[in-house]
Amino acid sequence: MDVTTMKAMTAAECQPLLSIKGLKTHFETRAGIVKAVDGVDIELGRGEILGLVGESGSGKSITGFSILGLIDPPGRIADGSITYDGRDLVSMGEEDRRQLRGNDIAMIFQDPSMTLNPVLRIDTQMIETVQAHANVSTAEARQRARDALVQVGIPSPDERLKTYPYELSGGMRQRVAIAIALINSPKLIIADEPTTALDVSIQGQIIHEVKKLCRKTGTALIWITHDLAVVAGLADRIAVMYAGRIVETGKTADLIERPLHPYTKGLIDSVPSHSTRGRRLHQIKGITPSLLNLPQGCAFRERCEKATKECLVAPKPTLLAGRLVRCWNPAL
Amino acid sequence: MPVFIINRLLQAIGVILVMSVLVFVGLYLIGDPTSMLVSPEATEIERQALRKALGLDQSIWIQYLTFLGNAAHGDFGRSFLTGQPALQLIVERMPATVELVVVAMTFALVVGVPLGILAGLRPKAPSSKAIMTGSILGFSLPNFWIGLMLIMLFAVYLGVLPASARGETVNIGGVALSIFTLDGWQHLALPALTLGMAKAALIIRVTRAATREVLPMDYIKFARAKGLRPSRILKVHLLKNILIPIVTVAGLEFGQAIAFAVVTESVFSWPGMGKLLIDSIITLDRPVVVAYLIMMVFFLVILNLVIDILYIAIDPSAGEKVRD
Ligand SMILES: Nc1ncnc2c1ncn2[C@@H]1O[C@H](COP(=O)(O)OP(=O)(O)OP(=O)(O)O)[C@@H](O)[C@H]1O
Ligand SMILES: [Mg+2]
């Protein structure tokens, strides 16, 4: 191996796995343009775990689907770039994107009772995922399916393979969905609130196992949730999303200990903990604004206790104490 | 499972009993069949003798009970008109009808399902709108009118296809079938097309509606997120789910067509069961009408059972619900 290729390789190793710049995903509806994602920047290293946190409707899922190229009309990516491993996903042809989906980038959905096809057996749904990307025999694909089930802690995998989704519990179905996501050893998994529909105890187990698996295999993970507490113990970094924009990004511990954006602070104060036991939990006042008519300037302005005249102009992301913040009056 | 089959059969017997009473009373009220059977000049004594011979001199309840007793032994009486056993008359006509309906339904499915999926996949495309307009025409135009137009075009104007009767048949295992001869196909073409177009129109609508319902489902999006090829998503993930309503509707339509293909068979003088039924009603040939309707109820119940079993084969979770 000569020096130039080695240099090129290290460059490839250093470049982030995923880099999203100025992503705008809009829906053209009769009522107007819904700017579900409106200028999102995300950078993710290899094997890194990112928590994407925000209220319902803030555009988390749409961000995830944009990465996979699964935005259907009337939605479209209006602007921005998504670079995965040096390749631009937005301008890429559909067949190339298909080859990445489920192979390089996998996704886990929120509701396990809806993600598996009700009329197909588990083995069918797993084997097809392997064969969509690799020219292997059904026997070999089945073996991989079995291994994947073992990996996510499903007992008696051979029997499970022969069942239909309705024969499995919610937690078991989500494990199957995770196994499907893992089956082709992707480099990136996007998990869209995969534990929201499950019991708290199962939730904890699954989060723990997914983290362990990602660390073991070096898989990067974007964990989408509306619950900051869920990602606090899971993510390396957290990105807080509000009304289609990332308002604050930083290392998990920094961001939780010292939130800079008033919205992040509001989120943290609304999480129950030991220190708040017995006291009334703080709540962010007001409601999420309609994406159809966002307030001028900072979208959080009308709910913000620290809003000033400056907030009538939308703040740009600024680097502050190792974090990116979109706020005129960050807490310091 | 067996319990649900037994339940269905018991249900069928109940329906058959109720129906036989209704048909019996109905035909009794409509009129006296002897007036159709004897010449207008016949004397009252001759009429009385005929009534006695046919058992029509008894009260309606005695007649009904006699009928039930005989029917329990598989004897549905003889045609007033020809004297042949009613059951035999019906069974002889059955292959013609079944053949016509099977060909028509196959046509309806082969044409209707792909067009329905196409219209469901891209509901706003001009091609989809054309398909839907066609399907509205297909089931709002009366069947006999479509039949007559086809006759006009192919038989009268172009002169390429015959307009009536069954054509050459081949005897297979005692059953006369026309699908094995060219002449048979030529005769089958127009009636099958007439019946098939109306059914295809319905299948298109059902398929489109089901497609539109299944497409936004999470499991379709998940299938895409797995990187499956679009053809696989269509042929496996979509098709298997929309098959459930399609099988249900196609099954019911099939039964409907077998039992009451009256209009098409009349237009094309197709010697099937529908033609027999309408002829027997006109001549008040009570044994044939009663036997026919009873057989059809029985057939429809069995057909429903088959549909349910198919349904469970497609969607095993439905079987769970039926068993509960
Ligand atoms: N097909 C669509 N047409 C119009 N608007 C849409 C469509 N899909 C999503 N949106 C809008 O995009 C916004 C963001 O949706 P998204 O699903 O990303 O929210 P989310 O952050 O994932 O919320 P949740 O926690 O409820 O899942 C929502 O306000 C929604 O109204
Ligand atoms: Mg969501």
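The values are calculated or read from the model by the stated rules, or taken from the named source; none is laboratory data. The model shown is predicted, which means the values in this text are computed figures rather than measured ones. Here Cβ is always computed from backbone atoms with ideal geometry, including for glycine, and neighbour counts include all displayed protein chains. Keep in mind that these areas ignore ligands, DNA and RNA; they rest on the heavy atoms of the full protein, side chains included. Shrake-Rupley method; radii C 1.70, N 1.55, O 1.52, S 1.80 Å.
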Within the stretch B:264-279, restricting to residues that are open to solvent by 10 Å² or more (accessible area, probe 1.4 Å) and among the charged types (D, E, K, R), the one that is farthest from the chain's Cα centre (by Cα) is B:279
Condition set touching a helix residue (DSSP H, G or I) at 6+ places or on another chain (Cβ under 7 Å) and under 15 Å from residue A:43 (Cα atoms), scope the stretch A:225-239, selection farthest from ligand 2 (Cβ to nearest atom): answer is A:236
Of (1) within 14 Å of chain B (Cβ to nearest Cβ); (2) of a type outside the set (Ser, Thr, Tyr); (3) within 16 Å of ligand 2 (Cβ to nearest atom), residue A:40 satisfies every one except (1)
The number of residues in the stretch A:43-55 that are touching a residue at least 40 places away in the same chain (Cβ under 8 Å), away from ligand 2 (no atom under 16 Å from the Cβ) and charged (D, E, K, R) is 2
Of the residues in the stretch B:199-235, those that are at the interface with chain A (Cβ under 7 Å from one of its Cβ atoms), part of a helix (DSSP H, G or I) and open to solvent by 30 Å² or more (accessible area, probe 1.4 Å) come to B:218, B:221, B:224, B:232
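Can you tell me which residues in the stretch A:48-74 are within 20 Å of residue A:240 (Cα to Cα) and assigned to a loop (DSSP other than H, G, I, E, B)? Spell out how you get there, then give the answer.
From the stretch A:48-74, those within 20 Å of residue A:240 (Cα to Cα) are A:48-67; that's our starting set.
Matches in the stretch A:48-74: A:48, A:55, A:56, A:57, A:58, A:59.
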Residue A:196 fails exactly one of (1) surrounded by 23 or more Cβ atoms within 10 Å (Cβ to Cβ); (2) part of a loop (DSSP other than H, G, I, E, B); (3) not charged (D, E, K, R), namely (1)
How many residues of the stretch A:228-246 are over 27 Å from residue A:26 (Cβ atoms) and among the charged types (D, E, K, R)? The answer is 1
Subset of the stretch A:189-228, residues farther than 20 Å from residue A:173 by Cβ, away from chain B (no Cβ under 14 Å) and within 15 Å of ligand 1 (Cβ to nearest atom), comes to A:226, A:227, A:228
Across the stretch B:51-73, the tally of residues that are without any contact (Cβ under 8 Å) to a residue 40 or more places away in the chain and closer than 16 Å to residue B:28 by Cα stands at 14
Scanning the stretch A:309-332 for residues that are out of contact with any helix residue (DSSP H, G or I) (no Cβ under 9 Å at 6 or more places or on another chain), free of Cβ contacts under 8 Å to residues at least 40 places away in the same chain and assigned to a loop (DSSP other than H, G, I, E, B), the one farthest from residue A:59 (Cα to Cα) turns out to be A:313
Of the listed residues (B:257, B:318, B:250, B:261), the one being surrounded by fewer than 19 Cβ atoms within 10 Å (Cβ to Cβ) and on the phi < 0 side of the Ramachandran plot is B:318
Over the stretch B:31-45, the set of residues modelled with pLDDT of 70 or more and open to solvent by 90 Å² or more (accessible area, probe 1.4 Å) is B:40, B:41, B:44, B:45
Selection over the stretch A:240-275 where residues are over 13 Å from residue A:52 (Cβ atoms), within 16 Å of ligand 2 (Cβ to nearest atom) and β-branched (Val, Ile, Thr) yields a count of 0
Checked the stretch A:56-74 for anything surrounded by fewer than 15 Cβ atoms within 10 Å (Cβ to Cβ), within 14 Å of chain B (Cβ to nearest Cβ) and within 16 Å of ligand 2 (Cβ to nearest atom); matches are A:72
If we ask which residues in the stretch A:179-193 are within 16 Å of residue A:60 (Cα to Cα) and open to solvent by 30 Å² or more (accessible area, probe 1.4 Å), their number turns out to be 0
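Among the candidates B:50, B:81, B:89, which residue alone is touching a Ser or Thr at 6+ places or on another chain (Cβ under 9 Å), at pLDDT below 80 and not charged (D, E, K, R)?
From the options B:50, B:81, B:89, the qualifying one is B:50.
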Within the stretch A:162-188, the count of residues that are closer than 30 Å to residue A:45 by Cβ, within 12 Å of chain B (Cβ to nearest Cβ), part of a loop (DSSP other than H, G, I, E, B) and more than 17 Å from the chain's Cα centre (by Cα) comes to 2
